[in-house]
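Here's the structure, in structure tokens; my notes come after.
The values are calculated or read from the model by the stated rules, or taken from the named source; none is laboratory data. Remember, predicted model here, so these are calculated numbers, not experimental data. Note that we place each Cβ from the backbone using ideal geometry, even for glycine, and neighbour counts take in every protein chain shown. Quick note on the areas: whole protein, heavy atoms, side chains included, nothing else; ligands and nucleic acids left out. Shrake-Rupley method; radii C 1.70, N 1.55, O 1.52, S 1.80 Å.
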Amino acid sequence: MDSKTVMFTALFLVWLTFVNASPASLEVGKLTKATNVSWSSYNFKTILSWGPKPVNYTYTVEFSRVGKDRQRNPHCIRSTETECDLTNELDVKGVYSADVLSESLHGSFDYVEPPFSRSKKFCPYNDTLIGRPEFKLNVNENKKIVLIIHDPITALHKDGRSLNIRDVFKKNLKYKIAYNKAGSTGKKMIIVDESKAEFTLDEDQSYCFSVAAYIASRKGDRRVGEWSLPKCSPQEHKTPFEEYGLAVIGGAALIILTFVITVIVLIVVCCKRVRRQTLTAKETIV
């Protein structure tokens with residue numbers, strides 16, 4: 001082998017060593033696929049999350065509606081974060097899946113297809129958790145307990161305003177109300193169509209109420225949203241006349257008066273008898 005061949009061979013080996021030792025090449029085979037890819041959604045605030053935290057590589061999220069092309073959120077391309085906010089990217093009634101791609105810091109050119117993990121399918125309309133509603137308890141002039149429910153605000157916007165769950169679900173939104181006498185464990189349940197409900201209950205009792213959104217079109221446990229904190233109606237304090245009535249109070253007063261008169265009569269009779277006995281005793285002595 002002549003000297004030129006030896007020199008070219010040596011240079012080639014040096015170049016090959018340099019290429020194989022480049023940062024991009026060193027990362028080949030060290031990309032970790034995302035794990036635990038899952039959706040979380042609360043009042044339509046929708047987050048895709050996964051793990052682990054990347055070291056010397058990045059993640060890119062691709063999502064698609066069933067039957068449509070893949071899309072990307074600009075904030076979730078070659079990112080070192082482990083979550084992606086897709087709230088404003090999803091159609092409320094669309095069904096979606098998402099891929100989380102693991103890519104080298106220099107892009108995905110080292111792979112024909114970068115390693116990726118796929119999420120389960122997700123539909124905001126069917127899967128978002130509806131948060132606990134707030135409500136007021138009033139007693140109207142007819143002594144009825146009135147619940148006024150405030151529809152929870154969502155993370156969605158339209159025409160410059162925030163939408164509430166009534167704007168999204170419309171007539172499909174109902175409310176489930178649980179109530180019981182204060183201090184009792186037995187609960188009753190009703191479902192109402194509107195954000196207002198009236199109850200005709202015992203006036204002298206305090207009742208406690210809890211409220212949750214109810215979406216009839218959903219399946220299983222997803223029909224019922226998060227339950228509100230309980231609120232109790234005030235217990236009405238009646239006057240004795242309201243509590244027992246005039247007849248009862250009058251009868252009791254008559255009995256007491258009769259008893260007092262009887263006692264007085266007995267005292268008078270006893271006093272007269274003692275006085276008579278005293279006088280009789282004095283006359284006998286004389």
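Qualifying GluC sites (Glu not before Pro) in region 101-205, where qualification requires a DSSP coil assignment and no more than 12 other C-beta atoms within 10 Å, comprise E141, E194.
For region 135-144, 3J(HN,Hα) computed residue by residue from phi via the Karplus equation (6.51, -1.76, 1.60; θ = phi - 60°) reads 8, 10, 10, 10, 10, 7, 5, 8, 6, 8 Hz, glycine and proline entered as x.
Sites listed here are chymotrypsin sites (Phe, Trp or Tyr not before Pro) in region 33-117 whose DSSP assignment is loop and whose Cβ has at most 12 other Cβ atoms within 10 Å: F109.
With K and R counted +1 and D and E -1, the other residues having a Cβ less than 13 Å from that of P152 yield a net charge of -1.
Along region 157-172 the Karplus relation, 6.51 cos²θ - 1.76 cosθ + 1.60 evaluated at θ = phi - 60°, assigns HN-Hα couplings of 10, 8, 6, x, 10, 7, 8, 9, 5, 5, 5, 7, 8, 6, 6, 6 Hz to successive residues, with x for each Gly and Pro. Pairs exceeding 32 Å between alpha-carbon atoms, taken from K121/K231; K30/K219; K144/K170; K170/K231: K121/K231; K30/K219. Expressed as a whole number of Å, what is the distance separating the alpha-carbon centroids of region 43-84 and region 139-167? Cα centroid of region 139-167 versus Cα centroid of region 43-84: 33 Å apart. With each label modelled as a point 7 angstrom along the Cα→C-beta vector, the M189-Q205 pair spans 2.0 nm. Full extension of the chain segment joining S40 with R161 gains 41.2 nm, where the gain is 0.36 nm per residue of separation less the Cα-Cα distance.
The gain in end-to-end length when the V224 to R273 segment is fully stretched comes to 9.4 nm, 0.36 nm per residue minus the alpha carbon separation.
Ligands, DNA and RNA left out, the accessible area of region 65-222 computed with a 1.4 Å probe is 46% carbon and sulfur.
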